[in-house]
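Take a look at the structure set out below.
The values are calculated or read from the model by the stated rules, or taken from the named source; none is laboratory data. The model shown is predicted, which means the values in this text are computed figures rather than measured ones. Positions of Cβ are generated from backbone atoms using ideal geometry, with glycine treated the same way; all protein chains shown enter the neighbour counts.
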Amino acid sequence: MQKCTFALTLASSLLQLYDTPWLPRDWEMKDIFFLKNHGGNTIPSQFYVLQTFTSASQVAAAAKRRQLVKNEMVFALGVALLELTHGASILSFKEPQDLGENVEEDSMTEVLIAFRLARELNSYESENYALAVLRCIECNFRTFAFDFDDQKFREVFYQEVVVPLQEDYGHATQRKL
């Protein structure tokens, strides 16, 4: 249930924060901080984004990091959902074919790992969760625009990522949203 809550909250928060300075285009799971109760247990619905405001040149450099990724923010959500599933950074799943020319991590290493893990996800996750992750990693939404500034893209993202995660949350909590 906790994973369903995290996943749904992350996906819906992306829609709310995409055009604010609070969520950078190159966010990662390490930018998310979870609150804990007095017993030390994570409160799934209470987490925050740590934002360090950066210069325009740093933002531009981050945006060029993975040119083949259609939407960095959506890709980051897919990576975060993979990391929730596996309980570890996706870089811990690297294989030799994920490395660059000098057998070192490069700008495509995380992308290659994410594509591989997302395609395997349906064998141990719900169909809703697996398809939501796959759509985020591949940015496969049957649209021509892949930016949240486009109303159609936001609507399709909501229907194909947020709604399936809501359904999983509803099944896990026995609540209808």
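So which pairs qualify, if the first residue must be in region 70-94 and without any contact (Cβ under 8 Å) to a residue 24 or more places away in the chain and surrounded by fewer than 18 Cβ atoms within 10 Å (Cβ to Cβ), the second must be among the β-branched types (Val, Ile, Thr) and in a helix (DSSP H, G or I), the Cβ gap must be under 6 Å, and the two must be at least 6 apart or on different chains?
Matching pairs, first to second residue: Lys94/Ile113.
What is the one condition in (1) outside any helix (DSSP H, G or I); (2) without any contact (Cβ under 8 Å) to a residue 12 or more places away in the chain that Val163 does not satisfy?
(1)
Being over 15 Å from the mean Cα position of the chain (by Cα) and on the phi > 0 side of the Ramachandran plot narrows it down to one residue among Gln151, Gln159, Gln174, Gln166; which is it?
Within the list Gln151, Gln159, Gln174, Gln166, the selection yields Gln174.
List the pairs whose first member sits in region 99-121 and is touching a residue at least 24 places away in the same chain (Cβ under 8 Å), whose second member is charged (D, E, K, R) and surrounded by fewer than 14 Cβ atoms within 10 Å (Cβ to Cβ), and whose Cβ atoms are under 9 Å apart, counting only residues at least 6 apart or on separate chains?
Filtered contacts from region 99-121: Ser107/Lys64.
Just one of (1) surrounded by fewer than 14 Cβ atoms within 10 Å (Cβ to Cβ); (2) within 16 Å of the chain's Cα centre (by Cα); (3) among the basic types (Lys, Arg) trips up Arg142, so point out which.
(2)
Any idea how many residues of region 131-160 are touching a residue at least 12 places away in the same chain (Cβ under 8 Å) and within 19 Å of Tyr18 (Cα to Cα)?
19
Would you mind telling me which numbered condition in (1) surrounded by 11 or more Cβ atoms within 10 Å (Cβ to Cβ); (2) modelled with pLDDT of 70 or more; (3) in a helix (DSSP H, G or I); (4) more than 17 Å from the chain's Cα centre (by Cα) Gln97 fails?
(1)
For Thr20, work out the one condition from (1) modelled with pLDDT of 70 or more; (2) in a strand (DSSP E or B); (3) among the hydroxyl-bearing types (Ser, Thr, Tyr) it doesn't fulfil.
The failed condition is (2).
Is it the case that Leu84 is of a type in the set (A, V, I, L, M), touching a Lys or Arg at 6+ places or on another chain (Cβ under 8 Å) and either at pLDDT 70 or above or not in a loop (DSSP other than H, G, I, E, B) (or both)?
It is true that Leu84 is of a type in the set (A, V, I, L, M), touching a Lys or Arg at 6+ places or on another chain (Cβ under 8 Å) and either at pLDDT 70 or above or not in a loop (DSSP other than H, G, I, E, B) (or both).
Looking at region 120-139, which of the residues that are more than 15 Å from the chain's Cα centre (by Cα) and in a helix (DSSP H, G or I) is farthest from Leu99 (Cα to Cα)?
Among those residues, the one meeting the criterion is Glu127.
With the requirement that a residue be of a type in the set (Ser, Thr, Tyr) and either crowded, with 16+ Cβ neighbours inside 10 Å or in contact with a His (Cβ under 9 Å, 6 or more places away or on another chain) (or both), what does region 107-139 give you?
Once the filter is applied, which keeps residues that are of a type in the set (Ser, Thr, Tyr) and either crowded, with 16+ Cβ neighbours inside 10 Å or in contact with a His (Cβ under 9 Å, 6 or more places away or on another chain) (or both), region 107-139 yields Thr109, Ser126, Tyr129.
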